[in-house]
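Inspection log for the structure reproduced underneath, given as structure tokens.
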Amino acid sequence: MNAQQVCGESLRADNLERADIMRVEIWSDIACPWCYVGKARFERALAAFPHREQVEVVHRSFELDPGRAKGDVQPVLAMLSKKYGMSEAQAQAGEENLGKQAAAEGLEYSTRGRDTGNTFDMHRMLHFAKEQGRQDELIQILYRANFAEERSLFGEGDERLLALAVEAGLDADAARTVLADPAAYADEVRADEREAAQLGANGVPFFVLDRKYGVSGAQPAEVFTQALTQAWGGRSPLKLVDQGDAEACGPDGCAVPQA
């Protein structure tokens, strides 16, 4: 992804409420494997950051396939084969390679049998979870369910998502009410997606640190360490910390790692 510079007028002001807190915003999608890996790499850098307790992490919404109908569930290998014009054997090899990269970050990754579908309701639930102070717990559970478990995240309707929301600590009745109302938190999801476009992010993961620096893709932990240090130093305007092209997912799909 190319470097982007962002005009302050297009950005929310809510991250400026407390000068002693540095906010990191992460645009991502549950269907994005590089978001799963990138989150782990970022968290490794954050854990070693001297000002860790003064960093607030907020997850923002980005749908890789916003046009996919709810209930349209497809095997990952079939999706990759169609999107990239490759054989299923080639797609499987890419999944195996990605699984190795996930394992290097201490993540479980199921390389066979996964499916994919619409993630809009998940993003709505993540906004609800943010209000309840459970957003990071929920997104990690959703990633685990999608990438590390045999049971489908997409093929069981609202009940699967509801069960995971409860596991993350959300009230079952309140979560069910959110899922039953298609308009609940829909505006918040769309606002995040519009802002991603304003930032110039056309793929994920995309990290914005204190509205000063952007990191595109699942960069190595060392790049996140550099970005955290520079952002804490108060430099501006927003600059992209880029050590070359890193794996990311965009409207055309996810980079398929080759052996």
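The values are calculated or read from the model by the stated rules, or taken from the named source; none is laboratory data. Remember, predicted model here, so these are calculated numbers, not experimental data. Note that we place each Cβ from the backbone using ideal geometry, even for glycine, and neighbour counts take in every protein chain shown. Calculation scope for accessible area: heavy atoms of the full protein, side chains included, ligands and nucleic acids excluded. Shrake-Rupley method; radii C 1.70, N 1.55, O 1.52, S 1.80 Å.
Please go through segment 74-145 and write out the GluC sites (Glu not before Pro) that DSSP classes as loop and that have at most 13 other C-beta atoms within 10 Å.
Sparse-neighbourhood loop GluC sites (Glu not before Pro): 108.
Using Cα pairs closer than 8 Å and at least 6 residues apart in sequence, work out the relative contact order for the chain, in percent.
31 percent
Calculate the spin-label point distance for residue 89 paired with residue 140, positioning each point 7 Å from the Cα along the beta-carbon direction, and give it in nanometres.
Between residue 140 and residue 89, the simple spin-label model gives 4.0 nm.
What's the FRET efficiency of residue 158 with residue 43 using the Cβ-Cβ distance as r and R₀ = 35 Å, to the nearest 0.05?
0.75
Whats the longest run of the chain with zero trypsin sites (Lys or Arg not before Pro) that are DSSP loop and have at most 15 other Cβ atoms within 10 Å?
152-234
Kindly report the accessible area of the chain per residue (heavy atoms of protein chains, probe 1.4 Å, no ligands, DNA or RNA), in Å².
Here the residues of the chain average 46 Å² of exposed surface.
Dipole of the chain, Cα-centred, from +1 at each Lys and Arg C-beta and -1 at each Asp and Glu C-beta, to the nearest 20 debye?
Approximately 560 debye in magnitude.
Based on alpha-carbon centroids, what's the gap between segment 168-222 and segment 65-143 in Å, whole number please?
15 Å
Comparing 247, 56, 193, which has the greatest mean-square fluctuation in the GNM of the chain with Cα pairs linked when under 10 Å apart?
56
Of the residues 221, 93, 180, which exhibits the maximal mean-square fluctuation in a Gaussian network model of the chain defined by a 10 Å Cα contact cut-off?
Per the Cα network of the chain with a 10 Å cutoff, 180 tops the list.
Listed here are the pairs 70/130; 100/212; 130/212; which of them are more than 25 Å apart at the Cα?
As for pairs spanning more than 25 Å Cα to Cα, those are 100/212.
Tally Lys/Arg at +1 and Asp/Glu at -1 over every other residue whose Cβ is under 10 Å from the Cβ of residue 41; what's the total?
For residues surrounding residue 41, the net value is -1.
Please identify, among 207, 62, 154, the residue showing maximal mean-square fluctuation in a Gaussian network model of the chain using a 10 angstrom Cα cutoff.
Its mean-square fluctuation being the largest, the pick is 154.
For segment 69-212, build the charge dipole from Cβ charges (+1 Lys, Arg; -1 Asp, Glu) around the Cα centre, then report which of 111, 122, 189 sits farthest towards its positive end.
Of the candidates, 111 comes out farthest on the positive side.
What's the extension gain from residue 52 to residue 100 if we count 0.36 nm per residue and subtract their Cα-Cα distance?
Taking 0.36 nm per residue and subtracting the Cα distance, the gain is 14.4 nm.
Rounded to the nearest percent, how much of the accessible area of the chain (1.4 Å probe, protein heavy atoms only) is carbon and sulfur?
The value for the chain is 48 percent carbon and sulfur by accessible area.
Where in segment 125-163 is the amide nitrogen less than 18 Å from a point lying 7 Å along the Cα-to-Cβ axis of residue 190?
From segment 125-163, the list is 125-128.
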